[in-house]
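Read the figures in this text as sums done on the coordinates, not as results from a lab. What you see is a predicted model; the values in this text were computed from it and never measured. Don't worry about glycine lacking a Cβ; one is built from the backbone with ideal geometry, like all the others, and counts go over all protein chains shown.
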């Protein structure tokens, strides 16, 4: 008997793991997948209900313009559910949309699974009630999360992280600059950090590569970057191929901070928001660090340069420290790696899903 499964991703990273899980599930059973996903997901045999918003937003004030668009999308999915029998739903990240969706689906009698639920341990712990009440099982990706969620009555299992699929490669004379996966991040990081990074790399005889996410309007953002970076190579995609080969990285906070750990690429972590978003976010944040590697280690393994610190002299100091202490940083990376499962995250997740859907 065919089972109908709804997939809802929030951004490129959600699509990436969904692209691995969906084909594996198809090998184990008879499924029909419907998605609120990126356009590329059609290639793996999924019927796309509606493509996700082109790019995500970050920061409180940047998110506000997206609310109306999300509301329209939510109405579309409600109408779709009324016309189709859906057996289960797998949600990926994107809590602003997926948490209300989880409640709606639960009330329709649909079993809900959530991969990489919102990091309520960092901010917004009030959202945990959605995970406790409306999600059948949460697949968490960081070593400490399973204990955290279970202690608060949330059904959760640690399955590992997609970053564990990476490994160190032969290092090239390259600095990789990852300015973020969202438009607002790129707008803030490239102008403030880019010139200093390029100057430092030139002094140390490294070429700079900036891989931009394929979900962005590539030509537009490459042209934007070239206003500030004149001796830099811009690419679309390929960050996971280039990161393991780079000698050093400058990374906008996010999943890539952990990918650097498994790539054994020493990195500086940067982040900048609009002043209002930073003020609000800072008041809500409960963690001392923004880098996932630092949060796991409970110390600053990767140097962090945030908001008003994003100045040429501070960026240079952070890069100098990282360059001079590569062996020490890699030793810390190896310690972090031991806290993750040896099983592949996609295989572990698929195995559990196939037994429960």
query: What FRET efficiency, computed as 1/(1 + (r/R0)^6) with R0 = 30 Å and r the Cβ-Cβ distance, is obtained for residue 348 and residue 217, rounded to the nearest 0.05?
result: 0.30
statement: From fewest to most C-beta neighbours within 10 Å, the residues 74, 340 line up as 74, 340
- prompt: Got a sec? Which residues in the stretch 8-36 would a label at residue 43 touch, if it sits 7 Å along Cα→Cβ and we count backbone N under 20 Å?
  reply: 8-27, 33-36
- prompt: Top mean-square fluctuation among 283, 51, 291, Gaussian network model of the chain, C-alpha springs under 10 Å?
  reply: 283
- request: Report the FRET efficiency, 1/(1 + (r/R0)^6), for residue 356 and residue 169, where r is their Cβ-Cβ distance and R0 is 25 Å, rounded to 0.05.
  value: 0.10
message: Quick check: the distance between the Cα centres of the stretch 310-338 and the stretch 194-210, to the nearest angstrom?
response: 16 Å
- line: For the chain the mean separation of alpha carbon contacts under 8 Å (6+ apart) over residue count, i.e. relative contact order in percent, is 17 percent
- line: Footprinting proxy, 41, 1, 331: sorted fewest to most Cβ within 10 Å, the residues are 1, 331, 41
- line: The helix 345-356 Cα axis meets the longest alpha-carbon principal axis of the chain at an angle in degrees, between 0 and 90 and rounded to 10, of 10 degrees
- prompt: Does the stretch 73-200 come out rounded, prolate or oblate by the C-alpha gyration tensor, with a ≥ b ≥ c the root eigenvalues, rounded set by a/c under 1.5 and, if not, prolate when a/b is larger than b/c and oblate if not?
  reply: prolate
task: Would you mind pulling out the separation of the Cα centroids of the stretch 1-22 and the stretch 217-232, in Å?
output: 32 Å
query: Which shape class, rounded, prolate or oblate, goes with the stretch 165-337 when its Cα gyration tensor gives a ≥ b ≥ c as root eigenvalues, a/c under 1.5 marks rounded, and past that a/b bigger than b/c marks prolate?
result: rounded
- request: On a 0 to 90° scale, report how tilted helix 326-337 is relative to the longest principal axis of the chain, with both axes built from alpha carbons and the result rounded to the nearest 10.
  value: 10 degrees
query: How many angstrom separate the Cα center of the stretch 163-183 from the Cα center of the stretch 119-145?
result: 28 Å
message: What is the angle, in °, between the Cα long axis of helix 95-107 and the longest principal axis of the Cα atoms in the chain? Nearest 10 is fine, range 0 to 90.
response: 10 degrees
query: Antiparallel as a % of all DSSP beta bridges within the chain, to the nearest 5?
result: 0 percent
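Give the peptides 164-171, 254-261, 293-300 in descending order of average Cβ contacts within 10 Å, highest first.
254-261, 293-300, 164-171
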- prompt: Fewest to most neighbouring Cβ within 10 Å: what's the order for 115, 262?
  reply: 262, 115
task: Rank 122, 193, 18 by mean-square fluctuation in a GNM of the chain with C-alpha springs under 10 angstrom and give only the top-ranked residue.
output: 122
